[in-house]
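The values are calculated or read from the model by the stated rules, or taken from the named source; none is laboratory data. Every value quoted in this text rests on a predicted model; they were computed, and no experiment measured them. Glycine gets a Cβ as well: all are built from the backbone with ideal geometry, and neighbour counts include every protein chain shown. What goes into the accessible areas is simple: the full protein's heavy atoms, side chains included, and nothing from ligands, DNA or RNA. Shrake-Rupley method; radii C 1.70, N 1.55, O 1.52, S 1.80 Å.
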Amino acid sequence: MRRLWKAGKLIIVSSLLLQLSIFSIQNNTAQAAAADATNLGLNSKSAILMEASTGQVMYELNADQPMPPASMAKMMTEYLVLDSVTNKKINWTDSVPISEYSAYLSNNKQLSGIPKAKGDQYTAQDLFYAVTIYSDNGAAVALAEQIAGSEEKFTQMMNETAVKMGLSKEAHFINTSGLDRSDLKQYAPTSIDGETIFTARDSALIAYHLIKEHSEILQYSSIVSKKFRSTDANPMINYDWMLSGNKDNPNFKKYVYDGLDGLKTGHTDRAGYCFTGTAERNGLRLISVVMNANSRESSFLDTRKVLDYGYTNFEKKEVVAAGTEVESLKTVPFKKGVNTQLTPVTKEGLTLLVKKGAADSEFVKKAEANSELVAPITKGQEVGTMTVTYNNKSYPVKLVSSTDEVKGSWIRLLFRAIGSFFSDMLNKNQK
């Protein structure tokens, strides 16, 4: 009995030691993982870095935490205005009237805007300049009213577009400007509840669609200064101090980032300082977002850190070239042709954003042929798929025939069938 008691005690002690050992390993692993995580030392509470042609995310910090975006919400306004111009719903030369609501926002010294009076008329393009350069709230309202009849109807379009873009479920717009309900006073929407809110990832996605579908936005967002009216004493000064065009401006020179040409700043007491930036270097365009920094300077310094991380650590790499043969699938069989096999090649190339110095062995390629291919087969016809896996994500590449393959005559196919029959019989007898 005593021996059994000692054995049981030993088992309990051993079990406790094993659990402590497992806990220690898990704890050390967690600490190691935390140590390996990229820490850019940002002041901002949320951030993300995205490659502009694919939407591939390279860095994120609390990127899915919903926050007030302030004037970064105007990127959606800009998207819909450019969409309306593209679809001929409005023209840049259209005369747009200033409503009482638009004038209220334009003349409020606490809010961003160029003074405008009710009943004034400006071209749609001049108002768009005011939105993109000077973050003019009244100009955004005037354009929305011209396009949709009212800001609330335009805002409904913004929320519908957010769904189409695949923004988070939390993404929500209540106006064109990103201002809080309290700023709008009696002009606050009655048919739309809540406040404007979305995530850093949402902001990057809006920028992604804006640049990809309306690249002309960069012609506006990159302007460092411009007079709204020729009679104005002073020009509108772009709130984006990081623009490359500011390289000779002594006031902004220290903030300038080479290749940066947009996109949208934002600030309210609730949102803090926010900035969605974009830059292009050596053919690589990146989109960065920082939210809720404690100063405009901090938002720019954080943006520099995020963009530097991308350009320092990543590069575009052609993983697969177009029109190349596949090592693991030299030939693909098919039926009823003069030939019985064809050589597949890649239909298009695959270029990925990867960590600099990534070895070829990090790209796992697996090719499969389509089943039951039958002649005739034309050159360029899809005959299979190659999957490239990198960093736990898979990318498909279509495989096509490199040649035209004609259908064989009935007599050729008959003799081939007879030959196959006797070959199969011979193989069976040998077994």
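Starting from a Cα-only point model with no solvent, please compute log10 I(q)/I(0) by Debye for region 36-118 at q = 0.18, 0.22, 0.24, 0.27 1/Å.
For region 36-118, the Cα-only Debye profile gives -0.99, -1.15, -1.23, -1.34.
Listed highest first by mean packing, meaning other Cβ atoms within 10 Å per residue, what order do 56-69, 90-103 come in?
Result, highest mean Cβ count within 10 Å first: 56-69, 90-103.
Using a Förster radius of 35 Å, what is the FRET efficiency between residue 232 and residue 321 based on their Cβ-Cβ separation? Nearest 0.05, please. Provide the component values of the computation, followed by the final result.
Values: r = 54 Å, r/R0 = 1.54.
The computed FRET efficiency comes out at 0.05.
If I fit a long axis through the Cα atoms of helix 2-36 and take the longest principal axis of the Cα atoms of the chain, what angle between them do I get, 0 to 90°, rounded to 10?
Tilt relative to the chain: about 60 degrees.
On average, how much accessible surface per residue is there in the chain, in Å², for a 1.4 Å probe, leaving out ligands, DNA and RNA? Intermediate results must be reported in sequence, preceding the final value.
Values: 22390 Å² over 431 residues.
Each residue of the chain exposes 52 Å² on average to a 1.4 Å probe.
Within the set of other residues whose C-beta is less than 14 Å from the C-beta of residue 270, count the net charge using Lys and Arg as +1 and Asp and Glu as -1.
Numbers: positive: 45, 181; negative: 180, 183, 195, 269.
Local net charge: -2.
Could you tell me which GluC sites (Glu not before Pro) in region 367-407 are loop residues by DSSP with no more than 13 other beta carbons within 10 angstrom of their beta carbon? Provide the component values of the computation, followed by the final result.
On the way: sites: 368, 372, 382, 405; in loops: 372.
Sparse-neighbourhood loop GluC sites (Glu not before Pro): 372.
Just to confirm a number: summing +1 for Lys and Arg and -1 for Asp and Glu over residues other than residue 260 whose beta-carbon lies under 10 angstrom from that of residue 260, what do you get?
Values: positive: 281, 304; negative: 240, 258, 261, 280.
Summing Lys and Arg as +1 and Asp and Glu as -1 gives -2.
At a 1.4 Å probe radius, carbon and sulfur cover how many percent of the accessible area of region 310-369?
On the way: 1560 of 3470 Å².
It is 45 percent, rounded to a whole number.
For the chain, modelled as a GNM with alpha-carbon contacts under 10 angstrom, which of 136, 404, 83 fluctuates the most?
404
Which GluC sites (Glu not before Pro) from region 232-335 combine a DSSP loop assignment with at most 15 other Cβ atoms within 10 Å?
327
Rank by packing, highest mean first: peptides 335-345, 148-158, with packing defined as the count of other Cβ atoms within 10 Å averaged across residues.
Details: 335-345: 17.1, 148-158: 19.3.
In descending order of packing, they fall as 148-158, 335-345.
Estimate the FRET efficiency between residue 313 and residue 160 by the formula 1/(1 + (r/R0)^6), using the beta-carbon distance for r and 35 Å for R0, to the nearest 0.05. Working shown, then result.
Details: r = 37 Å, r/R0 = 1.06.
Once the sixth-power term is evaluated, E becomes 0.40.
Grab the other residues whose beta carbon is less than 12 angstrom from that of residue 374, score K and R as +1, D and E as -1, and report the net.
On the way: positive: 335, 336, 407; negative: 372, 405.
Cβ neighbours under 12 Å give a net charge of +1.
In degrees, nearest 10, range 0 to 90: what is the angle between the Cα axis of helix 200-213 and the longest Cα principal axis of the chain?
80
What dipole magnitude, in Debye to the nearest 20, does the chain give about its Cα centre under +1 on Lys/Arg Cβ and -1 on Asp/Glu Cβ?
Approximately 1880 debye in magnitude.
Counting only protein heavy atoms, what percent of the accessible surface of region 153-206 is carbon or sulfur at a 1.4 Å probe?
Numbers: 1210 of 2330 Å².
Ligands and nucleic acids excluded, carbon and sulfur reach 52 percent.
Looking at the chain as a GNM with Cα springs under 10 Å, which of 124, 358, 162 has the largest mean-square fluctuation?
358
Give me Rg over Rh for region 186-260, both radii from the alpha carbons and Rh done the Kirkwood way, two decimal places. Before the final figure, lay out each step's value.
Working: Rg = 16.7 Å, Rh = 15.4 Å.
Answer for region 186-260: 1.09.
Give the angle, between 0 and 90 degrees and rounded to the nearest 10, that separates the Cα long axis of helix 74-86 from the longest principal axis of the Cα atoms of the chain.
On a 0 to 90 degree scale, this one is about 80.
For region 307-421, what is the relative contact order in percent, using Cα pairs closer than 8 Å and at least 6 residues apart in sequence? Intermediate results must be reported in sequence, preceding the final value.
Working: 225 pairs, mean separation 31.2, N = 115.
This gives 27 percent for region 307-421.
Using helices alone, I'd like the mean residue ellipticity at 222 nm for the chain: each DSSP H run of four-plus residues gives -39500 (n - 2.57), total over residue count, nearest 500.
Numbers: 11 runs with 154 residues, N = 431.
So the helix-based figure for the chain works out to -11500 deg cm²/dmol.
Taking 8 Å as the Cα distance limit and 6 or more residues as the minimum spacing, I'd like the relative contact order of the chain as a percentage. Don't skip to the answer; put the middle values down first.
Details: 802 pairs, mean separation 59.9, N = 431.
Once divided by the residue count of the chain, the mean separation gives 14 percent.
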